[in-house]
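J.: Below you will find the structure I want to go over with you.
None of the figures in this text is laboratory data; all of them are computed from the coordinates on show. Not measured: the values here are computed from a predicted model. Virtual Cβ from ideal backbone geometry, glycine too; neighbours counted across all protein chains shown.
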Amino acid sequence: MRIRTFDEYQAAYNHSVEDPEGFWAEIAQEFQWRKPWKKVLQWNFEKAETKWFPGGKLNITENALDRNVRERPNYPAIIWEPNDPNEPSVTFTYKMLHEYVCRFANVLKSNGVQKGDRVCIYMPMVPELAVAVLACARIGAIHSVVFGGFSAQSIADRINDSACSIVITSDGASRGNKQIPMKDTVDDALIGCPTVKKVIVLTHTRTAVSMLKGRDVWWEAEMKQVTSDCPAEEMDAEDPLFILYTSGSTGKPKGVVHTCGGYMVFAAYTFQNVFQYEPGDIHFCTADIGWITGHSYIVYGPLLTGATSLMFEGVPTYPDAGRFWDIVDKHKVNILYTAPTAIRSLMGFGLQPLEGKDLSSLRVLGSVGEPINEEAWHWYNEHIGKGNCPIVDTWWQTETGGILISPLAGITKTKPTYATLPLPGVQPILVDENGKEIEGNGVSGNLCIKFPWPGIIRTTWGDHERCRTNYFAAYPGLYFTGDGCLRDEDGYYRITGRVDDVLNVSGHRIGTAEVENAINMHTGVVESAVVGYPHDIKGQGIYAYVITESDPDHEVDLIRRDILATVSRIIGPIAKPDKIQFVKGLPKTRSGKIMRRILRKIAEGDVSNLGDTSTLLDPSVVDDIKSGALVEV
Ligand code: PRX
């Protein structure tokens, strides 16, 4: 599975196009299967159906844990760095992690969890979060991790969508100098969740919590009741492994489903090749396990490779803006994988936080989640990598399970702001609005993929039609990513951002419709329209145009504050608009459609060229909006 030179890359790429099934079967054979697959691949993009290795039997934790316990029992699997730098870090060897996971898997069983049940996990970045994830996989339960920054309402929506029977949480979380109640938020969520029968609560911050008799149990007490002997459940390659909710351009977030076999192969293959992992490397991915990056490159990819994954509980600016560099220095990190937002925000602190920090252990730098601008790319390269570390700008999505377009560290020649070339096994194609392929180089279009890879989304939980219409209907026969893309003269790919109504705020994916629905819940709001605008640190900021029942003139600040509180409560603080402009009307066509193009331009401060407004029902609305625009000049 390992590619080591550019010639090998090209040979592997050609092989993967000529004989995709042979290519992936060879890679899949490197894993431990209980029974071989009956077929390598069955697919039909018209129906949004893909099956990899059907009939093959396995358990992903036998590959991520048992195999490593046999080969390297005392090798560190997870190093945990706490929020407070004065507290000790904790190391779990593969043997310890295996035992911990098996024991907790027995706790799940003794609390009634069975194969196929859905388990909601809402936890801080502590090792037990990884343990909970792996324990679900051990017994064939489907984990649905909800990012710790989401509100009670968002948790409830996700629990109800997939009818989870149990929630795993902790009393609280420590982030910077704040303590965040988690169990409290879960309690609020569960008022509206009839399917949840049990809640397992980890003691972490010792925040006071209410424990409901018959429903809530303590993690620690339960662990004492069980043994650490838990044989792994036999799973079909196509049995669901997890659900992860993500935002689309319409409606509520959808539950992206990944399955056991294909995801396993793809997470490990991409981890090894993109980062060029070497035994002994310490891999530090700064994402939260609540996002796909954490699933694939903190938990599954590294552990399937027998690597050491560093997990950090806190934030990059606590106790000061040098924290990442302290961690790199302290643990001698070799691979650092972070988001452009974090780089841009740390750049703002200048070079002082880097003083006295030894970053010489670094070998590979990664970027993920949003386009990386030139300035951030160069800063990362010069000040963190000291010009010696290849930067892998990795493009992928929750739906793709793992990285699709990226340099292979030290092998692919990099170019600032370019994700460069597809991994072997990945066949990108650019199409125009009508779905016609745009061939050649020096072109741009909508990015699609024309052949399945093992990590591709299988369905959206409970609503397969939604999966089909979202990803496979726009351009029949292709998987549509929702991203715009440029292919330059060298055939290098550069992702230019979403072409649909999905925002990317600090690398967090948020649907405009979701934010509008939350704003519209506020009393007195008649209607709203949300667009993104360029933001120096966050990449994109959220700009909301809001119509209220009465003229808000006198109480603008108060109403604004209340709207922010409403959005926080309905979705979570990450979805709070950066700017709210009160307007009398929205630019609508005669058929009632909001012309977002105009709103986007105004939010960007580009009011000189709004294009054709003659089809608007009331063109005067535009002048009104322009005159009140909240743009810095
Ligand atoms: O627009 C692309 C952007 O993030 C979207 C996927 O978001 P999510 O599912 O939350 O997954 C994020 C982590 C993989 C994509 O549709 N995106 C992700 N990586 C990049 C990127 N845009 C540009 N360059 C990237 N490297």
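J.: Run lengths n ≥ 4 of DSSP H only: what is the helix-derived mean residue ellipticity at 222 nm for the chain, with -39500 (n - 2.57) per run over all residues, to the nearest 500?
T.: Rounded to the nearest 500, the figure is -7500 deg cm²/dmol.
J.: Please give every one of the lysines within straight-line cross-link reach of Lys178, meaning a C-alpha to C-alpha distance under 22 Å, and leave out same-chain neighbours fewer than 8 residues apart.
T.: Leaving aside lysines fewer than 8 places away in the same chain, those within reach of Lys178 are Lys538, Lys576.
J.: For a test of understanding, tell me how many lysine pairs in region 386-460 have Cα atoms under 26 Å apart, given they are 8 or more places apart or on different chains.
T.: The number of close lysine pairs in region 386-460 is 5.
J.: Also, quick follow-up: First measure r as the distance between the Cβ atoms of Arg590 and Asn14, then evaluate 1/(1 + (r/R0)^6) with R0 = 41 Å and state the FRET efficiency to the nearest 0.05.
T.: Here the calculated transfer efficiency is 0.20.
J.: Once you measure Cβ to Cβ distances between cysteines in the chain, which Cys have no partner under 4.7 Å?
T.: Cys136, Cys193, Cys260, Cys285, Cys389, Cys448, Cys467, Cys485
J.: Moving on to the next point. If you keep only loop residues by DSSP, which GluC sites (Glu not before Pro) in region 309-398 have at most 14 other Cβ atoms within 10 Å of their Cβ?
T.: Glu355
J.: Further, regarding this structure: Give me Rg/Rg_expected for the chain, where Rg uses Cα atoms only and Rg_expected = 2.2 N^0.38 Å with N residues.
T.: 0.95
J.: Follow-up. Place a point 7 Å from Cα of Glu87 in the direction of its Cβ. Which residues in region 202-220 have their backbone N less than 17 Å from it?
T.: What the label zone holds, given the 17 Å backbone N cut-off, is 202-209, 219-220.
J.: Using 7 Å Cα-to-Cβ label points, what is the Asn388/Asn520 separation (nm, one decimal)?
T.: Those two pseudo-labels are separated by 5.6 nm.
J.: Read phi for every residue in region 615-621 and hand back ³J(HN,Hα) as whole Hz from Karplus 6.51 cos²θ - 1.76 cosθ + 1.60, θ = phi - 60°, with x for Gly and Pro.
T.: Per-residue couplings from phi come out as 7, 6, 4, 9, x, 5, 4 Hz.
J.: What FRET efficiency do you get for Asp188 and Lys436 if R0 is 35 Å and r is their Cβ-Cβ distance, rounded to the nearest 0.05?
T.: The calculated FRET efficiency here is 0.10.
J.: If each residue's Cβ is checked for other Cβ atoms within 10 Å, how do Trp33, Trp219, Trp461, Trp453 rank with the fewest at the top?
T.: Trp33, Trp219, Trp461, Trp453
J.: Still on this structure: With θ set to phi - 60°, apply the Karplus curve 6.51 cos²θ - 1.76 cosθ + 1.60 along region 306-319 and write out the HN-Hα couplings as whole Hz, x wherever there is a Gly or Pro.
T.: x, 8, 9, 10, 9, 10, 10, 7, x, 10, x, 10, 10, x
J.: Hey, rough spin-label estimate for His378 and His464, points 7 angstrom out along Cα→Cβ, what's it come to in nanometres?
T.: Label at His378, label at His464, 5.2 nm between them.
J.: Using amide H atoms built in the peptide plane, which far-off residues or other-chain residues are under 5 Å from Ile142 H to H?
T.: Hits under the 5 Å cutoff: Gly116, Asp117, Arg118, Val119.
J.: Percent relative contact order of region 6-485, based on C-alpha pairs within less than 8 angstrom and at least six residues apart?
T.: Once normalised by length, the contact order is 16 percent.
J.: Going down the table (Lys252/Lys579; Lys198/Lys579; Lys39/Lys115; Lys51/Lys183; Lys198/Lys330), which pairs top 32 Å between alpha carbons?
T.: Lys198/Lys579; Lys51/Lys183; Lys198/Lys330
J.: So for His378, His535, fewest C-beta neighbours within 10 Å to most, what's the order?
T.: In order of increasing Cβ crowding within 10 Å: His378, His535.
J.: Would you mind calculating the gained length between Phe349 and Ser228 on full extension (0.36 nm times residue separation, minus the Cα-Cα distance), in nm to one decimal?
T.: 38.9 nm
J.: If each residue's Cβ is checked for other Cβ atoms within 10 Å, how do Met1, Met264 rank with the fewest at the top?
T.: Ordered from fewest to most neighbouring Cβ atoms within 10 Å, Met1, Met264 come out as Met1, Met264.
J.: Nearest 0.05, what FRET efficiency do Lys115 and Arg70 give at R0 = 30 Å with Cβ-Cβ as r?
T.: The calculated FRET efficiency here is 0.75.
J.: What's the extension gain from Arg600 to Asp488 if we count 0.36 nm per residue and subtract their Cα-Cα distance?
T.: 37.7 nm
J.: I would also like to ask the following. Name the residues whose placed amide hydrogens come within less than 5 Å of the amide hydrogen of Gly366, ignoring near sequence neighbours (fewer than 5 apart) on the same chain.
T.: Amide H to amide H, under 5 Å and 5 or more residues apart or across chains, Gly366 pairs with Leu336, Tyr337, Thr338, Val392.
J.: Modelling each spin label as a point 7 Å along the Cα-to-Cβ direction, I'd like the Glu21/Thr496 distance in nm, to one decimal.
T.: Result for the modelled spin labels: 3.8 nm.
J.: Multiply the residue separation of Thr203 and Ser550 by 0.36 nm, subtract the distance between their alpha-carbon atoms, and state the gained length in nm to one decimal.
T.: Full extension from Thr203 to Ser550 adds 120.1 nm.
J.: Can you work out ³J(HN,Hα) from phi for every residue in region 472-484, in order, using Karplus 6.51 cos²θ - 1.76 cosθ + 1.60 and θ = phi - 60°, giving whole Hz and x for Gly and Pro?
T.: Listing the rounded values in order: 10, 9, 4, 10, x, x, 10, 8, 9, 7, x, 9, x Hz.
J.: So how compact is region 336-430: Cα radius of gyration and Dmax in angstrom?
T.: 13.8, 46
J.: Taking region 506-628 on its own, what percent of its Cα-Cα pair distances exceed 22 Å?
T.: When every Cα pair of region 506-628 is considered, 33 percent fall beyond 22 Å.
J.: Ok, one more. On a straight-distance basis, which aspartates and glutamates could pair with Lys588 in a cross-link, Cα separation under 17 angstrom, same-chain partners fewer than 8 positions away excluded?
T.: Asp501, Glu516, Glu527, Asp612, Asp618, Asp623, Asp624
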